[in-house]
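Read-outs throughout are calculated quantities, based only on the coordinates presented, and are distinct from any laboratory measurement. These numbers were taken from a predicted model, which means no experiment stands behind them. In this analysis, Cβ positions are derived from the backbone assuming ideal geometry, glycine residues included, and neighbour counts consider all displayed protein chains.
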Amino acid sequence: MISLVLSLRVILHRRARSEMVLWVFGYGSLIWKAGFRYDERRVGFIRGFRRVFYQGSTDHRGTPEFPGRTVTLESLPGAICWGVAYKVSDEEDQKIALEHLEVREKQYDMKVYVDFYTDADSPTPAINGVMLYIGSADKTTNQNYLGPAALDEMASQIAQAEGPSGPNRDYLFHLDDALKQIGCEDSHVRDLANAVRKIISTKAAA
Ligand code: SIN
């Protein structure tokens, strides 16, 4: 009898584990390149954050000598940030996805779980607890944080920086395109992309 109860517990525990789904929210490069296997991709938004090019990148889109800029999230009551949520159901796929993300997002010091929405008119989340990475403004845990700067200054840095994953400007242009594709208007990204395009065309004309 005891062994029957125990094996039932093991079965239930296994079933609970296999039914645990991982949802990953992407608001930067994860929008256009997941880099892991997933079952479903949903467009939507999270509440209380805005996307900002305040995170320094010395491993992907810049170098320690000349850091690039990538996006992070800044807490802002009332704001929403559009992106995509990826559903990863299979246990092995979840393990591989997490291993991939822990390396790729290693310069982001926070991993948080928030609610994800698809309907701006409804207060009910479509998904509870999507996982995302944030580069916080705390320099003790996030040494690469750069923070805000004048638009021209950020644009000039992005126009010049390049790292192992490619030019910083490509990251910005990919993000600008990817946001347009999901129907999101983000003036911070659009203004920065236009400022970098202006720098590039001025240089080409000189
Ligand atoms: C993200 O895409 O969600 C995180 C930031 C990045 O890797 O660009």
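Only beta bridges with both residues in the chain are counted; by DSSP, about 95 percent of them are antiparallel. How many nm is it between the label spots at Phe173 and Lys203, if each spot is 7 Å from the Cα in line with the beta carbon? Modelled inter-label distance: 1.2 nm. Amide H contacts of Gly129 (H built 1.01 Å from N, in plane; Pro and chain starts excluded): Val114, Asp115, Phe116 sit under 5 Å, all sequence-distant by 5 or more or on other chains. Extension gain, Asp39 to Asp152, is 36.6 nm, computed as 0.36 nm per intervening residue step minus the present C-alpha separation. When you restrict to C-alpha pairs under 8 Å that are six or more residues apart and normalise by the size of the chain, the relative contact order lands at 25 percent.
Please list log₁₀ I(q)/I(0) at q = 0.10, 0.12 Å⁻¹ for the chain, using the Debye equation with identical point scatterers on the alpha-carbon positions. Relative scattering, expressed as log10 I(q)/I(0), comes to -0.48, -0.65.
Rounded to the nearest 20 debye, the dipole magnitude of the chain is 160 debye, with +1 charges on Lys and Arg beta carbons, -1 on Asp and Glu beta carbons, and the Cα centre as origin. Annotation: the residues Thr202, Thr72, Thr118, sorted from fewest to most other C-beta atoms within 10 Å of their own C-beta, follow the order Thr202, Thr118, Thr72.
Among Trp23, Trp32, the ranking by other beta carbons within 10 Å of each residue's beta carbon, starting with the fewest, stands as Trp32, Trp23. Measuring nothing but alpha carbons in region 110-183 and taking Rh as the Kirkwood radius, the Rg to Rh ratio lands at 1.05. With neighbour counts taken as other beta-carbon atoms within 10 Å, the residues Ser57, Ser187, Ser75 rank, fewest first, as Ser187, Ser75, Ser57. In straight-distance terms, cross-link reach from Lys106 covers every one of the lysines whose alpha-carbon lies under 28 Å from its own, apart from those fewer than eight places away in the same chain; here that gives Lys33, Lys87, Lys95, Lys139, Lys180.
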